[in-house]
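The values are calculated or read from the model by the stated rules, or taken from the named source; none is laboratory data. Owing to the predicted nature of the structure, the values given are computational and were not obtained by experimental measurement. Here the Cβ positions follow ideal geometry from the backbone for every residue, glycine too, while neighbour counts run over all protein chains shown.
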Ligand SMILES: [Zn+2]
């Protein structure tokens, strides 16, 4: 993902307005359903951390590599093991430099027969270029992507484990988007905001279910760096402020208000743009840092985005908040 300069915000907002007409309605819950007490599962942050470490150990998940292909298979197997009906959406997409790479969107459907659904997402690919590395010699190298990619997927795999054991009232779809982070490197000038999030863009035009609808969507991206916070992201605020309210209120009740800060952050080009375009009101839970030059955590798009910089407390704060939101939804 990338922080957007101001001129891109206006353009993207216009694009969203044009593309999402008629598709932003949310479904209301069925009032005839019997009310029942809900047991909220306890999110296991150590398990999520393990899932992050396992992804990093698979190697750099750069589209077109063997590690990428193997990880796609592993993710699909894990979701199946947790009881999901899995669809792997395969295609070839063209990245910023004209190269064609394989794309695998991993789509895990829990209780696909239910019409009331929640969409959760994260990107699972890792970036081919460490273009923000302080050492210029490292900038052509791929990154581990422990936080940038693997952290969100780790949290969702742990949530998937609970969905399999204790099904919530809602149907849940978890989409692990591919080719999010193959955007044009810093040294290529101009507005390259359309070179990111290619997997979610593909899905938005060719959803796994024709006319796909979900009540709302939550994207997790970069959720594991210690001491970093989530702010109300610009596009999330614009298109789904009620979902930010829901998630941030829940976090406050759980005692995580120092992590989920109730003030505005920047505008981020990320998969939630295309989730909104697909008609699902969606937010991005993403760590921002107003004090760093890039706007993100210090190791962002460097070879130092490693497992050593993943904080179990952060994974737990996000995981417990999101799982509570899911299980409280009727
Ligand atoms: Zn990234």
Residues being more than 12 Å from the chain's Cα centre (by Cα), buried (at least 23 other Cβ atoms within 10 Å of the Cβ) and assigned to a loop (DSSP other than H, G, I, E, B) - total across the stretch 215-232: 2
Quick one: residue 273 ticks every box in (1) surrounded by 22 or more Cβ atoms within 10 Å (Cβ to Cβ); (2) in a loop (DSSP other than H, G, I, E, B); (3) within 16 Å of the ligand (Cβ to nearest atom) bar one, so which box is it? (2)
If a residue must be modelled with pLDDT under 95 and either under 21 Å from the mean Cα position of the chain (by Cα) or surrounded by 10 or more Cβ atoms within 10 Å (Cβ to Cβ) (or both), how many such residues does the stretch 31-54 contain? 2
Flag for residue 158 being part of a loop (DSSP other than H, G, I, E, B), touching a residue at least 12 places away in the same chain (Cβ under 8 Å) and either within 16 Å of the ligand (Cβ to nearest atom) or within 15 Å of the chain's Cα centre (by Cα) (or both): no
Can you pull out the residues in the stretch 277-320 that are buried (at least 20 other Cβ atoms within 10 Å of the Cβ) and touching a strand residue (DSSP E or B) at 6+ places or on another chain (Cβ under 7 Å)? 280, 281, 282, 283, 284, 285, 286, 287, 288, 296, 297, 318
Considering 134, 142, 112, 128, which residue is under 15 Å from residue 175 (Cβ atoms) and part of a loop (DSSP other than H, G, I, E, B)? 112
Given the criteria within 15 Å of the ligand (Cβ to nearest atom) and either touching a helix residue (DSSP H, G or I) at 6+ places or on another chain (Cβ under 8 Å) or on the phi > 0 side of the Ramachandran plot (or both), does residue 148 qualify? no
Residues of the stretch 115-139 being away from the ligand (no atom under 14 Å from the Cβ) and under 23 Å from the mean Cα position of the chain (by Cα), which ones? 115, 116, 117, 118, 119, 120, 121
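Specify which of the listed residues (278, 251, 240) is away from the ligand (no atom under 16 Å from the Cβ), touching a helix residue (DSSP H, G or I) at 6+ places or on another chain (Cβ under 6 Å) and more than 25 Å from residue 50 (Cβ to Cβ).
Working: 251 fails: more than 25 Å from residue 50 (Cβ to Cβ); 240 fails: touching a helix residue (DSSP H, G or I) at 6+ places or on another chain (Cβ under 6 Å).
Sole residue among the options that is away from the ligand (no atom under 16 Å from the Cβ), touching a helix residue (DSSP H, G or I) at 6+ places or on another chain (Cβ under 6 Å) and more than 25 Å from residue 50 (Cβ to Cβ): 278.
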I'd like the residue in the stretch 170-185 that is crowded, with 20+ Cβ neighbours inside 10 Å and assigned to a loop (DSSP other than H, G, I, E, B) and, out of all such residues, is nearest to the ligand (Cβ to nearest atom). 181
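Scan the stretch 281-297 residue by residue and report those that are within 16 Å of the ligand (Cβ to nearest atom) and without any contact (Cβ under 8 Å) to a residue 12 or more places away in the chain. Steps first, answer last, please.
Of the stretch 281-297, the ones within 16 Å of the ligand (Cβ to nearest atom) are 284-289, 292-297.
292, 293 - these are the residues of the stretch 281-297 that are within 16 Å of the ligand (Cβ to nearest atom) and without any contact (Cβ under 8 Å) to a residue 12 or more places away in the chain.
If you check residue 142 against the conditions, is it surrounded by fewer than 21 Cβ atoms within 10 Å (Cβ to Cβ) and either under 24 Å from residue 324 (Cβ atoms) or within 11 Å of the ligand (Cβ to nearest atom) (or both)? Please lay out each step first, then the result.
Working: surrounded by fewer than 21 Cβ atoms within 10 Å (Cβ to Cβ): yes; either under 24 Å from residue 324 (Cβ atoms) or within 11 Å of the ligand (Cβ to nearest atom) (or both): no.
No: the conditions fail for residue 142.
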For the condition away from the ligand (no atom under 16 Å from the Cβ) and either at pLDDT below 95 or closer than 28 Å to residue 279 by Cα (or both), what is the one hit in 112, 63? 112
